[in-house]
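Colleague: The structure under discussion is supplied below as structure tokens; questions concerning it will follow.
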Amino acid sequence: MTRRVPSVMTIAGSDSGAGAGIQADLKTFAAMGTFGTSAITAITAQNTQAVLDVFALPPALVAAQIDAIVSDIGADVTKTGMLANADIVNVVVAKVEEHGLRPLVVDPVMVSSSGDRLFEEDAVDAIRDRLLPLATVLTPNLLEAEVLLDRKLASWDDIRDGAKELVEMGAGAVVITGGHAAVAASKGAATDFFYDGHGFHEYTTTRIDTNNTHGTGCTFASAIAAALARDTDLRGSIAMAKAYVTKALQAAYPVGHGRGPVHHFFRFWQPRIYDKAQR
Ligand code: PXL
């Protein structure tokens, strides 16, 4: 008897500080019981404080990585993150179509948690026009949804209308994260808005008060992909991903001097409590 472990492919950028990007994706895939593979689109020189340099790989090399993974290992679910520029978006779109890469989780990454840009302007149009219509689910945070829609989302009604419009633009479903930032009255809650063309759903948890938020977007989208690969339905996968991110935020430990990463392996170990004098 063989046991088959589902595989999940991320197409995204490398974060040298390992809190976000493909490093976060692979940790999430592993922690959630799937085998992760990675096609790297760009290399960032980055830590918990800033993005210091970015080098986008040649589109042909991105395509070659996807071909290498698909021709041997396969991908039960594919997730995209930082795509850097329009040429890379276009080659990813071509490969998604050629290999029929579905389900497809599209995280339209634009800005790092340190506030640094991770895309060239032309990438936004390519994502909106070409990649979004292939998405099983699109996972923008509030700011990314505003950029894709080219307008401010300043209330719950705005966010609901925005989610509806993103589905009308071709996404199979959308979950807009961090919606609570638009609504002062939601203090203390963390609310994500889901719409799939049939109905709305709000996912709310208590907001975790922490500075360790680097990579939460990558982790959330990857957790959805891993849950889908394990045959969970879409609404259930989003609930599972939200619970995973919430626990990983709660368990986060200090790394670096800026926004630290979440603790992807909270199920396996907790940080030892060191006495300062012992170190
Ligand atoms: O979470 C967005 C993101 C995606 N990809 C890379 C990143 C970040 C955020 O810092 O560095 C490579």
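Colleague: Which of the residues belonging to the stretch 2-19 are open to solvent by 10 Å² or more (accessible area, probe 1.4 Å) and on the phi < 0 side of the Ramachandran plot?
Modeller: Of the residues in the stretch 2-19, the ones open to solvent by 10 Å² or more (accessible area, probe 1.4 Å) are 2-6, 14, 16-18.
Answer for the stretch 2-19, where residues must be open to solvent by 10 Å² or more (accessible area, probe 1.4 Å) and on the phi < 0 side of the Ramachandran plot: T2, R3, R4, V5, P6, S14, S16, G17.
Colleague: On to the next question. Scan (1) in a helix (DSSP H, G or I); (2) more than 15 Å from I176 (Cβ to Cβ); (3) open to solvent by less than 30 Å² (accessible area, probe 1.4 Å) for the single condition F220 breaks and write down its number.
Modeller: Tallying (1) in a helix (DSSP H, G or I); (2) more than 15 Å from I176 (Cβ to Cβ); (3) open to solvent by less than 30 Å² (accessible area, probe 1.4 Å), F220 fails exactly one: (2).
Colleague: Next question. Among the residues of the stretch 127-147 satisfying the criterion of being open to solvent by 30 Å² or more (accessible area, probe 1.4 Å) and within 14 Å of the ligand (Cβ to nearest atom), which is nearest to the chain's Cα centre (by Cα)?
Modeller: N141
Colleague: Sticking with this one: Just name the residue that is nearest to the ligand (Cβ to nearest atom) out of those in the stretch 52-79 that are touching a helix residue (DSSP H, G or I) at 6+ places or on another chain (Cβ under 6 Å) and in a strand (DSSP E or B). Step through it out loud before you land on a result.
Modeller: We begin by selecting, within the stretch 52-79, every residue touching a helix residue (DSSP H, G or I) at 6+ places or on another chain (Cβ under 6 Å); these are 59, 62-63, 66, 70, 76-77, 79.
When the remaining residues are screened for being in a strand (DSSP E or B), the result is 77, 79.
Values: V77: 18, K79: 11 Å.
So, considering only residues that are touching a helix residue (DSSP H, G or I) at 6+ places or on another chain (Cβ under 6 Å) and in a strand (DSSP E or B), the one nearest to the ligand (Cβ to nearest atom) is K79.
Colleague: For the stretch 223-236, how many residues are out of contact with any strand residue (DSSP E or B) (no Cβ under 8 Å at 6 or more places or on another chain) and either outside any loop (DSSP other than H, G, I, E, B) or acidic (D, E) (or both)?
Modeller: Our first condition is that a residue be out of contact with any strand residue (DSSP E or B) (no Cβ under 8 Å at 6 or more places or on another chain); within the stretch 223-236, this holds for 223, 227, 230-233, 236.
Narrowing further to those that are either outside any loop (DSSP other than H, G, I, E, B) or acidic (D, E) (or both): 223, 227, 231, 233, 236.
Count: 5.
Colleague: Now, a different point. Restricting attention to the stretch 18-67, report how many residues are of a type in the set (S, T, N, Q) and touching a Pro at 6+ places or on another chain (Cβ under 7 Å).
Modeller: Taking the stretch 18-67 and keeping what is of a type in the set (S, T, N, Q), we get 23, 28, 34, 37-38, 41, 44, 46-49, 65.
Those still in the list that are touching a Pro at 6+ places or on another chain (Cβ under 7 Å) too: 34.
Qualifying residue count, the stretch 18-67: 1.
Colleague: Spot the failing condition for T232; the list is (1) of a type in the set (V, I, T); (2) open to solvent by 10 Å² or more (accessible area, probe 1.4 Å); (3) within 16 Å of the ligand (Cβ to nearest atom), and only one is missed.
Modeller: Just one mismatch for T232, condition (3).
Colleague: To continue, here is another question. A171 versus (1) within 30 Å of S16 (Cβ to Cβ); (2) part of a loop (DSSP other than H, G, I, E, B): which is the lone unmet condition?
Modeller: Going through (1) within 30 Å of S16 (Cβ to Cβ); (2) part of a loop (DSSP other than H, G, I, E, B) one by one, A171 breaks only (1).
Colleague: Could you check the stretch 237-256 and list, in sequence order, the residues that are open to solvent by less than 60 Å² (accessible area, probe 1.4 Å) and in a helix (DSSP H, G or I)?
Modeller: First, pick out the residues of the stretch 237-256 that are open to solvent by less than 60 Å² (accessible area, probe 1.4 Å): 237-239, 241-246, 248-249, 251-252, 255-256.
Listed by number, the residues that qualify are S237, I238, A239, A241, K242, A243, Y244, V245, T246, A248, L249.
Colleague: Still on this structure, I have one more. Report every pair of residues separated by at least 6 positions or lying on different chains whose Cβ atoms are under 7 Å apart, first residue within the stretch 217-240 and at pLDDT 95 or above, second within 16 Å of the ligand (Cβ to nearest atom) and open to solvent by 40 Å² or more (accessible area, probe 1.4 Å).
Modeller: Pairs that qualify, where the first residue is at pLDDT 95 or above and the partner is within 16 Å of the ligand (Cβ to nearest atom) and open to solvent by 40 Å² or more (accessible area, probe 1.4 Å), are G217/N141.
Colleague: Taking the residues in the stretch 80-126 that are among the basic types (K, R) and more than 16 Å from the ligand (Cβ to nearest atom) as candidates, determine which candidate is nearest to the chain's Cα centre (by Cα). Break it down into steps so the answer makes sense when it comes.
Modeller: Keep residues of the stretch 80-126 that are among the basic types (K, R), which gives 95, 102, 117.
Applying the additional criterion that residues be more than 16 Å from the ligand (Cβ to nearest atom) yields 95, 102.
Numbers: K95: 19, R102: 16 Å.
Top of the filtered list is R102.
Colleague: Then there's this: What number of residues within the stretch 1-35 satisfy the criterion of being part of a loop (DSSP other than H, G, I, E, B) and at pLDDT 95 or above? Outline the logic, then answer.
Modeller: To start, the set of residues in the stretch 1-35 that are part of a loop (DSSP other than H, G, I, E, B) comprises 1-6, 16-20, 32-34.
Then keep just the ones that are at pLDDT 95 or above; that gives 5-6, 16-20, 32-34.
Of the residues in that region, 10 qualify.
Colleague: Within the stretch 201-215, how many residues turn out to be part of a strand (DSSP E or B) and touching a Lys or Arg at 6+ places or on another chain (Cβ under 6 Å)? Give the steps one after another, and end with the answer.
Modeller: Step one: of the stretch 201-215, the residues part of a strand (DSSP E or B) are 201-206, 214.
Those left that are additionally touching a Lys or Arg at 6+ places or on another chain (Cβ under 6 Å): 203, 214.
Qualifying residue count for the region: 2.
Colleague: May I ask you to list the residues in the stretch 12-51 that are among the hydrophobic types (A, V, I, L, M, F, W, C) and within 11 Å of the ligand (Cβ to nearest atom)? Reasoning before the result, please.
Modeller: Initially, the stretch 12-51 is screened for residues among the hydrophobic types (A, V, I, L, M, F, W, C), giving 12, 18, 20, 22, 24, 26, 29-32, 35, 39-40, 42-43, 45, 50-51.
Across the stretch 12-51, the qualifying residues are A12, A18, A20, I22, A24, I40, A42, I43, A45, A50, V51.
The values are calculated or read from the model by the stated rules, or taken from the named source; none is laboratory data. Because the structure is a prediction, the values reported are computed rather than measured. Cβ: placed from backbone, ideal geometry, glycine included. Neighbour counts: every protein chain shown. Only protein heavy atoms, including side chains, enter the accessible area calculation; ligands, DNA and RNA are left aside. Shrake-Rupley method; radii C 1.70, N 1.55, O 1.52, S 1.80 Å.
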